[in-house]
Structure formats: C-alpha cells, structure tokens
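Student: Pasting a structure below so you can have a look.
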Amino acid sequence: MAEKRGYGVGLQTFADMIKRKAVYVDKTAFVYKMAHSTGKNFFLSRPRRFGKSLLVTTLQAYFEGRRELFKGLAIEKLETEWTQYPVIHLDLSNGKYYEETSVDKICGGLLKWYERDYSLHPKEDDSLSDRFTAIIKAAYEKTQREVVILIDEYDAPMLDSIHDPKLQDHLRQRVRDLFSPLKAQEQYLKFVFLTGISKFSQLSVFSELNNLNILTFDPEYEGVCGITEEELFTQLKPDIEWLTEAMSRRVHRTFTYEDTVAKLKHMYDGYHFTDMMTDIYNPWSLIYSFEKGWIDNYWFGTGTPSSLINLLRVKQLVIPDLEGFEADKETFDAPTERISDPVPVLFQSGYLTIKGYDYEDNTFTLGFPNEEVYRGFSKSLYNYYCEEYVGSRNQMNNVFRDLRRKRITFEQFLESVRKWYAGIPYSITDKNQNEQFYQALFYSLMVGVGADVSAEEQTSDGRMDIALKLADAIYILEFKYGKTAVGADPVPARTGPVPALKATEQIIAKDYAVRFAADARPVWAVGLNISADCRTIESFEVVKVK
C-alpha cells in the first residue's frame with residue numbers, strides 16, 4: 001500500500017516546508033543558476049498559484065546562508081561558499097489596494113519590520129523611497145555585504161485598481177517611488193528579483209533598471225515554477241501511486257497508475273511558457289489533488305474576475321475564438337495599464353498558454369492549457385450569464401439532467417434553452433447580435449452543466465458550430481441569426497412547434513456527420529434560428545442523419 005506524504009498545503013515559505021518535511025519539488029538548481037549569473041536584476045512573470053512565492057522564499061533562504069535547509073537538494077552539491085547576505089523581502093500581495101493611501105499603509109508596514117531590525121527611526125514626512133534607501137544603506141553598513149532585494153507580486157497594487165484609471169495612476173506613482181532605490185542605490189545591491197503576473201511598462205523599475213533580465217520567456221527557466229512532467233514522474237511518483245489507491249477506494253473500482261497519470265495530464269498539464277514547449281503542470285492543483293486524494297477543479301476554485309468576462313463580452317470574443325488564437329511574442333508582453341485586448345491578460349493570468357510555435361512566421365498559437373481551465377473558464381461565463389434575475393442557476397442543470405435520463409425529449413430541452421435565452425438581460429445581448437454570440441452562450445451553458453460538448457470541430461468541408469454528445473446520441477447544432485427562410489424537409493424529421501430551418505440542410509450538405517462515422521450512436525442535425533427581435537430561439541428543426 002502506498003503511503004500518503006505531507007504536501008504543505010497552506011504553508012507560505014520554503015523554510016516552513018523543509019522544517020515540516022513537506023514534499024518539495026527541487027528547484028534549487030535554478031536558484032544556483034540565477035545567483036551565479038553575470039546579471040543582477042531579474043524579473044519573472046507567472047500565473048497566480050504557480051509557485052512564485054515559494055521560489056522567492058527559496059532564494060531568501062539561500063542568500064541568508066541557511067545551508068541546513070538545503071540538505072539533499074541539488075544546490076547542496078553545487079554551492080561551496082554559502083555566504084550570508086542581508087535580505088530584504090517585500091511581498092506586495094499582503095493587502096488590498098482599493099484606496100489612495102493603501103500603498104503607504106501596506107508597504108510602509110512591510111518596511112517597518114526592517115526599520116526595527118536596523119534601529120531606524122524615519123521622520124513622519126519621509127517618503128517610501130527615503131525609508132527604503134535608509135534600510136538598504138543600514139543593511140550594507142551593518143554587514144559590510146551587498147544587499148539582496150526580493151519583491152514578490154510587485155504588480156498587486158496595479159492589478160487591484162486596473163479598472164479605476166485615476167486610482168491606478170496614483171498607486172503607480174507610489175509604487176514607482178518605493179522602487180526607485182533599486183536604481184539609485186545599485187552600488188549596494190547584490191541581487192534583485194521581482195515576480196508578478198503582468199508587466200506594467202510605465203513603472204520605472206522596467207525603464208531604469210540596468211540590464212533587467214526577464215526570465216518569463218527564457219527557455220532555460222521554463223520549468224522554474226510549476227511542475228514539469230519529468231518532475232512528476234520522478235520526484236512525485238510515490239504520490240501518483242498514493243492518489244491511484246485513494247481514488248480506487250473512493251469510487252469502489254480499480255484505477256491503474258496509468259489511469260491516474262492520464263487524468264492528471266488531462267486536468268492539470270498543458271502549460272508552456274516558451275517555444276521549447278516543455279510540459280508544465282499547474283502545481284497548486286496537482287499538489288491539492290495529492291492532499292485530497294481526488295482529482296478535481298482546485299486552481300479555478302478561486303474564480304475568474306468578472307471584469308475579464310465583461311471585457312470578452314465587450315470585445316465580442318467567444319471561447320471558440322480563443323482556442324487556436326495566433327499572436328506574436330509582443331502580444332504576450334503587452335503592458336496592462338489600460339486593458340483593451342483581453343488576450344495578453346488571459347495569457348499572463350494562466351487562462352491561455354502556448355500550444356504551438358511557427359519559426360518561419362515567429363508566431364505562437366494559443367489555447368486553453370488543460371481541462372480544468374477550459375471547463376472552469378466556460379463555467380465562469382455560464383455563471384455570468386445565469387445571474388439571479390435570469391432564474392435559478394440550477395434550473396438548466398436540472399433540465400439537462402432530465403435530458404440525459406430521458407425524462408424529456410431533445411425538443412423539450414430546446415424549449416428550455418429558448419426560455420433561458422429569453423431571460424438574458426438586454427444589457428448583455430444588445431451589442432452582441434450575431435449567431436456566434438448565441439453559439440457561445442449555448443456552448444458555455446453546456447459546459448456549465450457538465451455536458452460533453454465541443455465547438456468549431458473541423459470537418460473536410462467546414463466547421464460545425466456545436467457537437468453535443470449524449471450517452472445515446474450525438475447532436476450537431478448549426479446556428480442562424482435573423483433568418484426567416486424555411487428549407488425543405490429532405491428526410492423524415494422530428495420538427496419543433498415552429499417552421500424548420502435551412503440550417504439542417506447545411507449540416508447534411510456538408511456531411512458534418514461523417515466526423516462521427518466510427519461512432520455507433522445515432523447523429524441528429526439540429527438547426528436553430530435566433531430572432532433578432534426576440535433575442536431567443538425563433539424556430540428549430542431536429543433531423544436524423546445517421
């Protein structure tokens with residue numbers, strides 16, 4: 001029987017993880033490489049819950065010379081000196097930045113710890129930069145060694161205020177003041193490392209720091225955060241074995257080791273941060289699945305910002321548009337002072353990742369990294385459109401469950417979808433009057449209720465709008481907007497209460513059903529016409545084609 005290990009869920013620092021004997025995936029070779037680089041100033045961007053803070057505290061323990069914490073790790077064989085340096089570690093995520101005074105309160109509080117350590121007594125009118133400068137100089141004078149600066153989640157103030165331009169401008173100025181000693185006091189500094197989710201180009205830290213080494217797209221550091229497939233199959237192999245047994249006990253059937261590996265890959269793998277395409281697993285979800293003995297949606301449990309969902313709506317971008325999106329490198333690194341394009345934010349936040357690279361055109365193909373993100377993001381859209389005034393969020397879940405259990409027909413199911421569309425507020429639909437919008441709504445609805453659904457599946461003669469797969473049938477849906485013409489009925493049909501559409505003829509003419517030729521289930525063509533006036537299904541037709 002495999003043995004469950006401790007995973008340190010909730011532990012904040014490298015030192016705590018080692019002291020409590022929690023499982024630690026060894027990243028110390030990266031720490032040594034950075035520390036012995038010819039560079040001095042480093043920046044790394046990675047999505048939330050991807051191990052940035054753990055990396056920062058690992059660097060802190062290393063530069064503090066705490067050799068005892070690194071016993072048995074890669075760096076123990078690499079490092080011979082273990083010199084102790086003064087370290088200043090500022091985590092800007094320790095608070096929320098919703099008012100103009102927040103930077104001074106939060107960051108000022110962080111500086112107080114070091115002022116006490118170095119017996120400093122700042123004047124009431126001292127700026128953040130004055131205080132930070134005094135700490136750096138005091139640390140250097142006391143130890144006669146250069147100072148290490150570690151700043152975690154540097155962009156927290158700007159991200160909290162991103163949809164309040166006036167507040168963000170103020171906070172940016174305060175953060176710029178805080179960071180100014182990183183340039184002005186460079187002669188006292190040994191090593192500077194900043195982490196964040198995004199790059200705010202207007203901050204002086206990016207325009208003034210000499211030779212800032214941005215590791216975000218550096219192939220040599222692709223695996224510095226997150227868990228690589230190699231690490232999973234070596235360092236975490238005992239945990240896969242434990243998870244396999246735990247899931248088998250829970251569902252009273254046998255899971256194999258290979259079953260668990262396939263499920264973990266499907267749910268949590270798929271992140272790529274450079275053109276090397278190294279497979280990176282989401283560390284938060286992976287470790288949480290070991291802790292809980294179950295594979296589930298953990299990273300997405302913290303939710304998707306409603307502002308991001310709203311931006312997708314305003315830009316009329318739907319989920320099928322995001323899968324296979326092509327972009328150049330500059331798109332990823334776009335500054336986020338004023339969000340006008342959701343794609344960079346989706347990439348920086350971990351909702352999209354690199355799925356392919358064209359060396360000739362120097363372009364990247366983006367997509368959702370894995371099933372957890374794909375379904376989680378779709379469900380967030382579903383919840384957004386199923387607000388309370390639309391009706392109970394459980395209503396469509398119940399309707400779909402009735403369809404799966406054959407308590408209702410597919411036509412009755414479509415009647416419920418008709419009512420669901422009709423309940424969506426005018427404020428949401430008024431600027432999105434096209435068939436792609438209603439297709440995306442239906443897709444999000446189906447993902448939200450847990451259906452096996454796909455959008456824009458490629459065939460030899462085009463792309464089908466939606467493919468919905470049930471245990472006993474497959475439905476190919478084609479959406480039309482504002483069409484009034486009625487097509488002939490070429491084959492025996494199950495017809496709705498209003499006239500049939502030409503959409504089913506398109507499905508038949510383009511032979512979309514051939515995509516499922518090897519599947520034993522019957523295939524039905526479903527044509528849906530959306531009324532421009534009523535903003536819901538005006539008519540539909542369901543025709544058996546296989």
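Student: In the range 260-289, what residues are open to solvent by less than 50 Å² (accessible area, probe 1.4 Å), in a helix (DSSP H, G or I) and aliphatic (A, V, I, L, M)? Write out each step before concluding.
Tutor: If we filter the range 260-289 for residues that are open to solvent by less than 50 Å² (accessible area, probe 1.4 Å), which is where we start, we get 260-261, 264, 267-275, 279-283, 285-287, 289.
Those still in the list that are in a helix (DSSP H, G or I) too: 260-261, 264, 267-268, 283, 285-287, 289.
If the condition is that a residue be open to solvent by less than 50 Å² (accessible area, probe 1.4 Å), in a helix (DSSP H, G or I) and aliphatic (A, V, I, L, M), then Val261, Leu264, Met267, Leu286, Ile287 are the ones that fit.
Student: Looking at the range 82-96 only, could you name the residues that are surrounded by fewer than 16 Cβ atoms within 10 Å (Cβ to Cβ) and within 20 Å of Val192 (Cα to Cα)?
Tutor: So in the range 82-96, the residues surrounded by fewer than 16 Cβ atoms within 10 Å (Cβ to Cβ) come out as 82-84, 94, 96.
Result: Trp82, Thr83, Gln84, Asn94.
Student: Would you list the strands (runs of 3 or more DSSP E) that sit entirely within the range 461-546 and hold 1 or more residues that are modelled with pLDDT of 90 or more and either among the hydroxyl-bearing types (Ser, Thr, Tyr) or at positive phi (or both)? Break it down stepwise before answering.
Tutor: Details: elements: 462-469, 474-481, 493-495, 523-530, 537-544.
Output list reads 474-481.
Student: Still on this structure: Among the residues of the range 319-335, is any touching an Asp or Glu at 6+ places or on another chain (Cβ under 8 Å), surrounded by 14 or more Cβ atoms within 10 Å (Cβ to Cβ), modelled with pLDDT under 75 and part of a loop (DSSP other than H, G, I, E, B)?
Tutor: Looking through the range 319-335, at least one residue is touching an Asp or Glu at 6+ places or on another chain (Cβ under 8 Å), surrounded by 14 or more Cβ atoms within 10 Å (Cβ to Cβ), modelled with pLDDT under 75 and part of a loop (DSSP other than H, G, I, E, B).
Student: Across the range 384-394, what is the total count of residues that are at pLDDT 70 or above and surrounded by 15 or more Cβ atoms within 10 Å (Cβ to Cβ)? Break it down stepwise before answering.
Tutor: First, pick out the residues of the range 384-394 that are at pLDDT 70 or above: 394.
Then drop every residue that is not surrounded by 15 or more Cβ atoms within 10 Å (Cβ to Cβ), which leaves none.
Of the residues in the range 384-394, 0 are at pLDDT 70 or above and surrounded by 15 or more Cβ atoms within 10 Å (Cβ to Cβ).
Student: Restricting to the range 138-165, name every residue that is open to solvent by 10 Å² or more (accessible area, probe 1.4 Å), among the acidic types (Asp, Glu) and within 21 Å of Val87 (Cα to Cα). Even if it seems obvious, please write down each step before you answer.
Tutor: In the first step, residues of the range 138-165 are kept if they are open to solvent by 10 Å² or more (accessible area, probe 1.4 Å); the result is 138, 140-146, 153, 156, 159-160, 162-165.
Now narrow it down to the ones that are among the acidic types (Asp, Glu): 141, 146, 153, 160, 164.
Passing the criteria: Glu141, Glu146, Glu153.
Student: Separate question: Tally the residues that are modelled with pLDDT under 80, touching a strand residue (DSSP E or B) at 6+ places or on another chain (Cβ under 9 Å) and among the charged types (D, E, K, R), restricting the search to the range 395-441.
Tutor: Just the residues of the range 395-441 that are modelled with pLDDT under 80, to begin with: 423-437, 440.
Now narrow it down to the ones that are touching a strand residue (DSSP E or B) at 6+ places or on another chain (Cβ under 9 Å): 433-437, 440.
Still in the list and also among the charged types (D, E, K, R): 435.
Residues meeting the conditions: 1.
Student: May I ask you to list the residues in the range 336-383 that are over 17 Å from the mean Cα position of the chain (by Cα), modelled with pLDDT of 80 or more and surrounded by fewer than 20 Cβ atoms within 10 Å (Cβ to Cβ)?
Tutor: Within the range 336-383, Gly356, Tyr357, Asp358, Tyr359, Glu360, Asp361, Asn362, Thr363 qualify.
Student: Looking only at the range 28-55, which residues are open to solvent by less than 20 Å² (accessible area, probe 1.4 Å) and either within 29 Å of Met247 (Cα to Cα) or without any contact (Cβ under 8 Å) to a residue 60 or more places away in the chain (or both)?
Tutor: Thr28, Val31, Pro47, Phe50
Student: Another question, if that's okay. Using the structure shown, decide if Ala74 is modelled with pLDDT of 95 or more, of a type in the set (A, V, I, L, M, F, W, C) and crowded, with 16+ Cβ neighbours inside 10 Å. Please lay out each step first, then the result.
Tutor: Values: modelled with pLDDT of 95 or more: yes; of a type in the set (A, V, I, L, M, F, W, C): yes; crowded, with 16+ Cβ neighbours inside 10 Å: no.
No: the conditions fail for Ala74.
Student: Now, a different point. Of (1) within 29 Å of Ser198 (Cα to Cα); (2) part of a helix (DSSP H, G or I), Ile149 satisfies all except one. Which?
Tutor: Going through the list (1) within 29 Å of Ser198 (Cα to Cα); (2) part of a helix (DSSP H, G or I), Ile149 breaks only (2).
Student: Answer yes or no as to whether Thr13 is under 19 Å from Val224 (Cα atoms), among the hydroxyl-bearing types (Ser, Thr, Tyr) and open to solvent by less than 30 Å² (accessible area, probe 1.4 Å). Explain how you work it out, then say what you get.
Tutor: On the way: under 19 Å from Val224 (Cα atoms): yes; among the hydroxyl-bearing types (Ser, Thr, Tyr): yes; open to solvent by less than 30 Å² (accessible area, probe 1.4 Å): no.
No.
Student: Among the residues of the range 511-530, write down those that are under 15 Å from Ala467 (Cα atoms) and buried (at least 17 other Cβ atoms within 10 Å of the Cβ).
Tutor: Hits for the range 511-530 are Tyr512, Ala513, Arg515, Phe516, Val523, Trp524, Ala525, Val526, Gly527, Leu528.
Student: Give the residues of the range 108-135 that are over 21 Å from Gln173 (Cα atoms) and either part of a helix (DSSP H, G or I) or of a type in the set (A, V, I, L, M) (or both), sorted by residue number.
Tutor: The first filter runs over the range 108-135 and keeps only residues over 21 Å from Gln173 (Cα atoms), leaving 113-121.
The answer is Trp113, Tyr114, Glu115, Arg116, Asp117, Leu120.
Student: Anything in the range 514-540 that is among the aliphatic types (A, V, I, L, M) and in contact with a Gly (Cβ under 9 Å, 6 or more places away or on another chain)? List them, or say none.
Tutor: Of everything in the range 514-540, those that are among the aliphatic types (A, V, I, L, M) and in contact with a Gly (Cβ under 9 Å, 6 or more places away or on another chain) turn out to be Ile530, Ala532, Ile537.
Student: A follow-up question, please. What about Lys105, is it touching a residue at least 12 places away in the same chain (Cβ under 8 Å) and more than 30 Å from Glu330 (Cβ to Cβ)?
Tutor: On the way: touching a residue at least 12 places away in the same chain (Cβ under 8 Å): no; more than 30 Å from Glu330 (Cβ to Cβ): yes.
When the stated conditions are applied, Lys105 does not pass them.
Student: Could I ask something else about it? Suppose the filter is surrounded by 14 or more Cβ atoms within 10 Å (Cβ to Cβ), among the hydroxyl-bearing types (Ser, Thr, Tyr) and either within 30 Å of the chain's Cα centre (by Cα) or in a strand (DSSP E or B) (or both); does Tyr62 pass it?
Tutor: Yes: the conditions hold for Tyr62.
Student: Do we have any residue at all in the range 97-107 that's of a type in the set (A, V, I, L, M, F, W, C), out of contact with any Gly (no Cβ under 6 Å at 6 or more places or on another chain), surrounded by 15 or more Cβ atoms within 10 Å (Cβ to Cβ) and part of a loop (DSSP other than H, G, I, E, B)? So that I can check it myself, show each step before the final result.
Tutor: Of the residues in the range 97-107, the ones of a type in the set (A, V, I, L, M, F, W, C) are 103, 106-107.
Now narrow it down to the ones that are out of contact with any Gly (no Cβ under 6 Å at 6 or more places or on another chain): 103, 107.
Filter once more, keeping what is surrounded by 15 or more Cβ atoms within 10 Å (Cβ to Cβ): 103, 107.
So of that shortlist, the ones also part of a loop (DSSP other than H, G, I, E, B) come out as none.
Taking every residue of the range 97-107 in turn, none turns out to be of a type in the set (A, V, I, L, M, F, W, C), out of contact with any Gly (no Cβ under 6 Å at 6 or more places or on another chain), surrounded by 15 or more Cβ atoms within 10 Å (Cβ to Cβ) and part of a loop (DSSP other than H, G, I, E, B).
Student: What residue, of Tyr97, Tyr114, Tyr62, is under 29 Å from Ser207 (Cα atoms) and touching a Leu at 6+ places or on another chain (Cβ under 7 Å)?
Tutor: Tyr97
Yes or no, residue by residue, for (1) under 30 Å from the mean Cα position of the chain (by Cα); (2) surrounded by fewer than 22 Cβ atoms within 10 Å (Cβ to Cβ); (3) under 18 Å from Asn94 (Cβ atoms):
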{"position": "Glu115", "(1), (2), (3)": "no, yes, yes"}
{"position": "Leu120", "(1), (2), (3)": "no, yes, no"}
{"position": "Ile136", "(1), (2), (3)": "no, no, no"}
{"position": "Leu167", "(1), (2), (3)": "yes, yes, no"}
{"position": "Ser180", "(1), (2), (3)": "no, yes, no"}
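Student: Name the residue, out of Lys52, Lys71, that is of a type outside the set (Gly, Ala, Ser) and out of contact with any strand residue (DSSP E or B) (no Cβ under 7 Å at 6 or more places or on another chain). First the steps, then the outcome.
Tutor: Numbers: Lys52 fails: out of contact with any strand residue (DSSP E or B) (no Cβ under 7 Å at 6 or more places or on another chain).
On inspection, the qualifying residue turns out to be Lys71.
Student: Hey, among Glu220, Glu230, which residue is open to solvent by 70 Å² or more (accessible area, probe 1.4 Å), closer than 19 Å to Ile280 by Cβ, in contact with a helix residue (DSSP H, G or I) (Cβ under 8 Å, 6 or more places away or on another chain) and part of a helix (DSSP H, G or I)?
Tutor: Glu220 is the lone residue from the list that is open to solvent by 70 Å² or more (accessible area, probe 1.4 Å), closer than 19 Å to Ile280 by Cβ, in contact with a helix residue (DSSP H, G or I) (Cβ under 8 Å, 6 or more places away or on another chain) and part of a helix (DSSP H, G or I).
The values are calculated or read from the model by the stated rules, or taken from the named source; none is laboratory data. This structure is a prediction, so every number in the text was calculated from the model and none was measured. Glycine also receives a Cβ, built like all others from the backbone with ideal geometry; neighbour counts cover every protein chain displayed. We work out accessible area using only protein heavy atoms, side chains counted, and drop any ligands, DNA or RNA first. Shrake-Rupley method; radii C 1.70, N 1.55, O 1.52, S 1.80 Å.
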